[in-house]
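Report on the structure given below.
The values are calculated or read from the model by the stated rules, or taken from the named source; none is laboratory data. Just so you know, these numbers come straight off a predicted model, no measurement behind them. In this analysis, Cβ positions are derived from the backbone assuming ideal geometry, glycine residues included, and neighbour counts consider all displayed protein chains.
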Amino acid sequence: MKVVPDLLRHSAKAYSEGIAVVDGQKRITYGTLLSMVQDLSSFLVSKGVGHGDRVAILLPNSLEFITSFFSVLEIGAISVPLNTAYRETELKYYISNSSPRIILTEEALKPMAEKSADKTGASVAVIRGAITDYSYCNHGVSRKTKYAVIPDDEAIYLYSTGSTGNPKCVARTHLNLIALAENHTQTVGWTEDDRILFVVPLLHTYALGNFISGIKVGATLYVLSSFNRNRVIDLIEGEAITIFPAVPFMLDVLAKTYLPKPRDFSSLKLVISAGSPLSKEVFYRYHEKFGIYPRQLYGSTETGVIAINLSKDVEVNFDSVGRPVKNVEVKIVGTDGSVVGAGEEGEIAVKSRSMVSGYKNLPRETMSVFRDGYYYTGDLGTMDREGCIRIVGRQKMFINISGNKVNPREVENQISGHSKVKEVVVFGVSDSEGNEVVKAVIVPKGDLTAKEIYEFCRGKIANFKIPSKIAFRQTIPRGPTGKVAIELLK
Amino acid sequence: MEENINRRIRKVLIEKMLSEVDPAEIKDDTPLIELGVGADSVATLELLVALESEFKISIDEEDINQNLLENIDSIAEYIGKRL
């Protein structure tokens with residue numbers, strides 16, 4: 001297998017009648033999925049999409065997201081998945097940065113997609129909903145099944161959020177994604193008998209790695225468009241889910257969800273936690289209710305999956321993200337640039353065929369973190385004598401909202417646009433449950449209420465970026481160098 | 001009965017979400033959005049699981065909207081129908 005479409009073609013040949021995707025009442029076999037992908041590819045070609053063109057995918061987790069992803073890659077075009085939580089201003093940035101020829105979306109998001117694409121040259125096609133521009137085998141375009149795609153072709157644009165500047169484009173090639181799927185599947189040992197539940201958004205690097213790995217082995221993928229606790233619980237029990245990639249926040253609320261009657265979760269054999277650190281309380285609480293310990297996974301947008309904790313002694317080292325997955329090298333580097341000893345703290349650097357060689361069109365940013373064939377993650381960690389990695393700190397100062405990264409500067413810029421805001425500082429704080437939430441401290445000009453701020457932000461930035469805690473002060477405390485004294489504001 | 005439900009909801013709100021707010025400010029008809037309740041999905045889900053635990057009922061997140069979370073009275077009305 002050399003390019004991403006080979007993954008699906010292989011499973012369609014080996015498991016043609018096996019169920020590939022379950023989306024609500026729809027159960028699609030691998031054979032049909034391949035046919036749907038080829039059909040949508042032909043539609044895209046008829047819309048002028050060709051090799052190297054970008055296609056934005058503004059869809060929630062769904063059958064249509066999966067067919068879109070593969071159909072774009074099938075013709076040598078590049079997928080640009082966009083978060084459906086984003087509002088117009090946010091979408092405009094990604095559309096402007098990636099210049100897609102077309103945006104594939106759903107009926108409910110069509111107005112926003114059209115507004116966001118205005119004057120960019122991108123067209124919009126609705127492929128999900130009651131009224132669509134495309135439906136399977138019903139668009140009058142003849143089907144072609146062979147396109148020239150090579151391993152070094154770009155396959156997907158993901159965006160890396162940092163504390164400074166705009167999100168950076170990470171262009172993964174077919175070779176990177178094939179390596180990602182190989183590294184992951186060789187490590188976790190999934191098979192065509194596995195049933196994987198996707199609630200984490202498929203557009204995130206974490207879910208993407210699990211998603212293409214699931215396709216590679218011929219597993220059945222269950223997709224939920226949003227996190228609904230009772231649906232997750234019903235699916236795990238009713239469909240005998242074996243693999244559940246999640247984020248700590250999901251595991252926390254699932255563990256606390258009231259269950260009026262005993263439920264059977266014995267089918268679960270791997271529950272993965274990634275996106276933010278897993279606390280000891282959630283680790284044990286989840287096990288108490290679901291009978292299985294969550295395993296921490298570590299990855300990044302730039303590299304894909306880096307490590308996973310598959311230790312037999314997970315109770316002892318639950319706080320470790322485990323050993324590097326197959327074919328991935330990790331070293332812990334001290335401030336002098338040399339590799340530190342076992343158990344010593346340093347920056348985590350990664351080398352793998354699944355990682356990109358830099359940020360697209362950003363040579364300066366690339367040089368600062370891609371050096372000597374390694375990607376320097378900015379995360380601080382240790383590696384013990386057994387090769388298990390522990391993350392002890394993150395250098396990037398973004399706020400992590402149940403797996404979604406929030407740049408505090410972006411939220412400050414939004415709030416400071418309010419005419420009654422004199423000054424604002426945004427940062428992350430832990431709520432009473434230990435989850436990180438966005439807090440804004442505002443110096444107002446005259447009378448200003450939190451409600452006015454919520455109304456001002458709603459619809460302009462994604463809901464997960466809107467502060468859930470707002471406080472007002474007469475001044476912002478600062479240290480001797482002028483730096484904001486965040487600790488005094490928490 | 002209704003008064004008891006309101007009192008228990010207020011207790012959950014103070015314990016889980018509004019520990020920094022003066023309890024005297026949280027009246028049955030206080031607009032909760034002004035205190036940040038319902039502003040983001042993380043905090044809202046945390047409130048739901050806390051209410052489920054307090055009242056031993058299942059709450060479907062699809063039932064939850066801004067109107068339901070408007071104030072303690074509106075939450076009490078929803079919960080009262082499920083007890």
Does any residue in the range A:14-34 that is in a loop (DSSP other than H, G, I, E, B) come within less than 7 Å, Cβ to Cβ, of a residue that is aromatic (Phe, Trp, Tyr) six or more places away or on a different chain, and which pairs are these?
A:Tyr15/A:Tyr30; A:Ser16/A:Tyr30; A:Gly18/A:Tyr30
Has the range B:18-34 got at least one residue that is closer than 20 Å to A:Asn435 by Cα and surrounded by 17 or more Cβ atoms within 10 Å (Cβ to Cβ)?
yes
More than 14 Å from every other protein chain (Cβ to nearest Cβ), under 27 Å from A:Glu88 (Cα atoms), β-branched (Val, Ile, Thr) and surrounded by 18 or more Cβ atoms within 10 Å (Cβ to Cβ) - does that describe any residue in the range A:407-419?
no
Note on A:Ser226: of the conditions (1) farther than 16 Å from A:Arg295 by Cβ; (2) over 21 Å from the mean Cα position of the chain (by Cα), unmet is (2)
When the residues of the range A:236-250 are filtered to those that are hydrophobic (A, V, I, L, M, F, W, C) and either free of Cβ contacts under 8 Å to residues at least 24 places away in the same chain or away from chain B (no Cβ under 12 Å) (or both), which remaining residue is surrounded by the fewest Cβ atoms within 10 Å (Cβ to Cβ)?
A:Ala240
Restricting attention to the range A:2-49, report how many residues are touching a strand residue (DSSP E or B) at 6+ places or on another chain (Cβ under 8 Å) and among the acidic types (Asp, Glu).
2
Just give me the residues in the range A:55-112 being surrounded by fewer than 23 Cβ atoms within 10 Å (Cβ to Cβ), under 23 Å from A:Leu197 (Cα atoms) and either of a type in the set (Gly, Ala, Ser) or free of Cβ contacts under 8 Å to residues at least 24 places away in the same chain (or both), in sequence order.
A:Ser62, A:Ala85
If A:Ser402 meets every condition in (1) out of contact with any Pro (no Cβ under 9 Å at 6 or more places or on another chain); (2) at positive phi; (3) facing chain B (nearest Cβ under 10 Å) apart from one, which number is that one?
(1)
Assuming A:Lys168 fulfils every condition listed in (1) closer than 30 Å to A:Asn413 by Cβ; (2) modelled with pLDDT of 90 or more; (3) surrounded by fewer than 19 Cβ atoms within 10 Å (Cβ to Cβ) apart from one, which condition is it?
(3)
Members of the range A:257-275 that are out of contact with any Leu (no Cβ under 8 Å at 6 or more places or on another chain), of a type in the set (Ser, Thr, Tyr) and either crowded, with 19+ Cβ neighbours inside 10 Å or away from chain B (no Cβ under 12 Å) (or both):
A:Thr257, A:Ser266, A:Ser267
Just to verify a result, which residue in the range A:430-457, among those that are of a type in the set (D, E, K, R) and more than 12 Å from every other protein chain (Cβ to nearest Cβ), is surrounded by the most Cβ atoms within 10 Å (Cβ to Cβ)?
A:Lys445
Among the residues of the range B:20-64, which ones are part of a loop (DSSP other than H, G, I, E, B) and modelled with pLDDT under 80?
B:Glu20, B:Val21, B:Gly36, B:Val37, B:Gly38, B:Ala39, B:Asp40
Test A:Leu175 against the stated conditions and say whether it is at pLDDT 95 or above and out of contact with any strand residue (DSSP E or B) (no Cβ under 7 Å at 6 or more places or on another chain).
yes
Can you tell me which residue within the range A:146-161, out of those that are surrounded by 14 or more Cβ atoms within 10 Å (Cβ to Cβ) and not in a strand (DSSP E or B), is modelled with the lowest pLDDT?
A:Thr161
When the range B:33-81 is checked residue by residue, the ones that are away from chain A (no Cβ under 11 Å) and aromatic (Phe, Trp, Tyr) are B:Tyr78
Evaluation of A:Pro262 against (1) in contact with a His (Cβ under 6 Å, 6 or more places away or on another chain); (2) not in a strand (DSSP E or B) (one fails), failing number:
(1)
Out of A:Tyr136, A:Tyr86, sole residue that is aromatic (Phe, Trp, Tyr), over 20 Å from A:Thr205 (Cβ atoms) and out of contact with any Pro (no Cβ under 9 Å at 6 or more places or on another chain):
A:Tyr136
